[in-house]
Amino acid sequence: MLMPSDCLRPYNDCDYLQVAKENADIIIMDDNFSTIVNVAKWGRAVYVNIQKFVQFQLKVNVVALMLNFVSACLS
């Protein structure tokens, strides 16, 4: 595996594209701009869904905590 520090030395036969591919989270295989737009939309949708899930879990846990507190106070 090539490391970016290996490519910093002058006159090194390093394949910079290979280093970028190894260190990238997502590799887009074509140069079509619509593909880049779709990837950005997909990433935002995943992020929004994670946010909604965390908010839901937080609300459920707060309600459960409140119910436990109220039931402990009443008994």
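The values are calculated or read from the model by the stated rules, or taken from the named source; none is laboratory data. Quantities reported herein were computed from a predicted structural model and do not represent experimental measurements. Side chains included, ligands, DNA and RNA excluded: accessible areas come from the protein's heavy atoms. Shrake-Rupley method; radii C 1.70, N 1.55, O 1.52, S 1.80 Å.
Quick rundown of the values:
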item: Exclusive hit being of a type in the set (A, V, I, L, M, F, W, C) and either modelled with pLDDT of 90 or more or open to solvent by 100 Å² or more (accessible area, probe 1.4 Å) (or both), set Leu2, Leu17; result: Leu17
item: Residue in region 59-75 that is in a loop (DSSP other than H, G, I, E, B), modelled with pLDDT of 70 or more and open to solvent by 90 Å² or more (accessible area, probe 1.4 Å) present; result: yes
item: Every residue from region 43-59 that is of a type in the set (Phe, Trp, Tyr) and within 11 Å of the chain's Cα centre (by Cα); result: Tyr47
item: Failed condition for Asp31, given (1) among the acidic types (Asp, Glu); (2) assigned to a helix (DSSP H, G or I); (3) modelled with pLDDT of 75 or more; result: (2)
